[in-house]
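The structure appears right after this line, and notes come after that.
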Amino acid sequence: MKKKKQFAVIGLGIFGYNVAVELVKKNMQVLAVDNDNEVVNEISQFVTHALVADATNEKAMEDAGVSDCDSVIISIGENIETSILAMLIVKDLGIRNIVVKSLSQWHSKVATKLGASTVVYPELEMAKRFVDSVVTPNILEQIKISKDYNLVEILAPKKIWGKTIRNSDIRNNYGINIIAIRKQVPIIDNSGQIDVKEEINMVPGPDDEINRNDVLVVIGSEKPLAKLKGIVNE
Amino acid sequence: MNNDFNIKSAVVDEKEHIELGKFYFLNNKYDEAIYEFKKVLEINSRNAEAYYNIGLIKEASNLVEEAKEMYLKALHIDPNYKIVRDKFNKLVGIEI
């Protein structure tokens, strides 16, 4: 049987706590560490192991079993120094995949230079997403998949309602590809209450029609996507 | 078109407007469905189901803010309306 992946989450503030709980929900083994007795007690009912320890004490981290983990998430919210020190200790313990929750852009830079595999700065990422959702409400989701290419979930522009993918000429006009179409289909349950169910056409063909309220999942480079976004609100 | 007109003029009570609205909704005629649910509210402004139904159409049309407003109105009338509570929580981002 495949061995479950083991994670250590060091620092159980709001972010770390939720990361630990979500990892357990995904069936991962989680070691949760914090220097606060109360929060460790609270999380112990959810995670595989929970213990009180000082993340800046190398011996304590080793004894806690951090070196047996595949990945370590450092989410220490007190100060940058503690977070960096904990990261270096974890690195010395031989952990290759180290994720650091950043407290600032400087923290991100330092952590990256010192060898963090991934740096997350949730406040900044959330702020960007929030602004996107306010400025362009018809762009539902945007994921950068490479330096030049993005995956975008976009409301079908009015211009192409009722047209097939072929007739919409979306590939020629905008240089993007529709890789899925998401739609809400009306249903009625046994009690007579109406509801909607989501249907996804994962491999839309050239003769599939695009309708009002459809959500298009498209892939393309920045420029053509910006052109498409321009017509979404028309 | 004439048939539509005849049906509409024959419908007088709250329940009939609800049923007709559902019929339109299930046939993807969202504007007509909303018209019927609004008629319900003209007859009875405390019909939580009509607010829910309008909210659902708004949500299906990706008009999230308007959907939330309608769900809130339904919940204000009937705080125990479970499906509305679930949908509202989901839109606001509260995990149940």
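Below, the figures for the structure above:
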read-out	value
Of A:K223/B:K58; B:K39/B:K82; A:K163/B:K68; A:K183/B:K68; A:K197/B:K82; A:K147/B:K68, those spanning more than 28 Å from alpha-carbon to alpha-carbon	A:K223/B:K58; A:K163/B:K68; A:K147/B:K68
Radius of gyration and Dmax over the Cα atoms of the range A:81-215, both given in Å	21.8, 62
Cα centroid separation, the range A:55-104 to the range A:165-187 (Å)	45 Å
Ellipsoid equivalent to the range B:2-92 - semi-axes via the Cα gyration tensor, in Å	24, 15, 9
Fraction of beta bridges assigned by DSSP in the protein assembly as shown that are antiparallel (%, nearest 5)	55 percent
Environment charge at A:V131 (Cβ cut-off 13 Å; Lys +1, Arg +1, Asp -1, Glu -1)	-1
Karplus 3J(HN,Hα) series, Hz, for the range A:81-97 with 6.51 cos²θ - 1.76 cosθ + 1.60 (x for Gly, Pro)	4, 4, 4, 5, 4, 4, 5, 5, 4, 4, 5, 5, 7, x, 6, 8, 9
For A:N97, residues with placed amide H under 5 Å, excluding near neighbours	A:V72
Whole-Hz couplings from phi, Karplus 6.51/-1.76/1.60, listed for the range A:171-182; x for Gly and Pro	6, 6, 6, 10, x, 10, 10, 8, 9, 7, 10, 10
Furthest towards positive pole of dipole, A:G16, A:Q184, A:N37, structure part chain A, Cβ charges	A:Q184
Residue-normalised accessible area of the protein assembly as shown, expressed per residue, 1.4 Å probe, Å²	58 Å²
The protein assembly as shown - mean residue ellipticity at 222 nm from DSSP helices (-39,500 (n - 2.57) per run, n ≥ 4, rounded to 500)	-14000 deg cm²/dmol
Folded to 0 to 90 degrees: helix A:122-135 orientation relative to chain A principal axis, Cα	20 degrees
Kirkwood hydrodynamic radius of chain A, Cα pairs, Å	20.9 Å
Candidates A:K109, A:K197, A:K128, ranked by Gaussian network fluctuation over chain A, Cα under 10 Å, top entry	A:K197
Amide hydrogen neighbours beyond the local backbone of A:L140, cut-off 5 Å, H modeled	A:E153, A:I154, A:L155
Estimated vicinal HN-Hα couplings, Hz - the range A:9-17 in sequence order (Karplus 6.51, -1.76, 1.60; Gly, Pro = x)	10, 10, x, 10, x, 4, 5, x, 4
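The values are calculated or read from the model by the stated rules, or taken from the named source; none is laboratory data. Just so it is clear, the structure is predicted and the values come from calculations on it, not from any experiment. Glycine gets a Cβ as well: all are built from the backbone with ideal geometry, and neighbour counts include every protein chain shown. Keep in mind that these areas ignore ligands, DNA and RNA; they rest on the heavy atoms of the full protein, side chains included. Shrake-Rupley method; radii C 1.70, N 1.55, O 1.52, S 1.80 Å.
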